[in-house]
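Colleague: Provided herewith is a single structure, encoded as structure tokens, for subsequent inquiry.
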Amino acid sequence: MHLPFFCRRFWPHRRSFLEENLPFCALKRLKSLGVTVAIDDFGTGYSNFAYLPRLKVDKLKIDRSFISKLLDTDEDRSIVTAIIQVAHAYNLKTTAEGIEDHAAIAPLLSIGCDLGQGFHFAKPLESGEIDRILTAEPVPSEI
């Protein structure tokens, strides 16, 4: 089965894995179709590093609450660094959520973050706007 590009990413909230018991076989089936699976808002609530080997996901999306404090203290930077290092140990890509300005990009790159999203790159868009932007501007693949 061939899926269009816009259908190839699946970002269930971490609660879906832990509280709603999203079946592991459903994740396996999605991955067999070429869908990239990421855990959204990782590091908050019930997130647990012990689940990573079982989940067979591709990415961790680091919650914006950590990214917004990245430049505040060494302790905040250490938390983000630890999440990235653990993710990479499991061969997972990382996405920093909530990048609001350019100041966070260099520190994220220096600690190995793979991708970023947030208002610095684009505000949320209506679905019709996506086609216009994708045909008019190159889309950065990394932060």
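Colleague: Note down the accessible area of residue 77, probe 1.4 Å, to the nearest 10 Å².
Modeller: Its heavy atoms expose roughly 80 Å² to the probe.
Colleague: Separate question: Evaluate the distance, in nm, between pseudo-label points positioned 7 Å from the Cα of residue 117 and of residue 90 along their respective Cα→Cβ axes.
Modeller: 1.8
Colleague: So how far apart, in nm, are the two label points at residue 69 and residue 134 if each is 7 Å from Cα heading toward Cβ?
Modeller: Label-label distance for residue 69 and residue 134, simple model: 3.7 nm.
The values are calculated or read from the model by the stated rules, or taken from the named source; none is laboratory data. Everything numeric here is computed off the predicted structure, so don't read it as measured data. Positions of Cβ are backbone-derived with ideal geometry, glycine not excepted, and every protein chain shown enters the neighbour counts. Side chains are part of the model used for accessible areas, which takes the heavy atoms of the whole protein and leaves out ligands, DNA and RNA. Shrake-Rupley method; radii C 1.70, N 1.55, O 1.52, S 1.80 Å.
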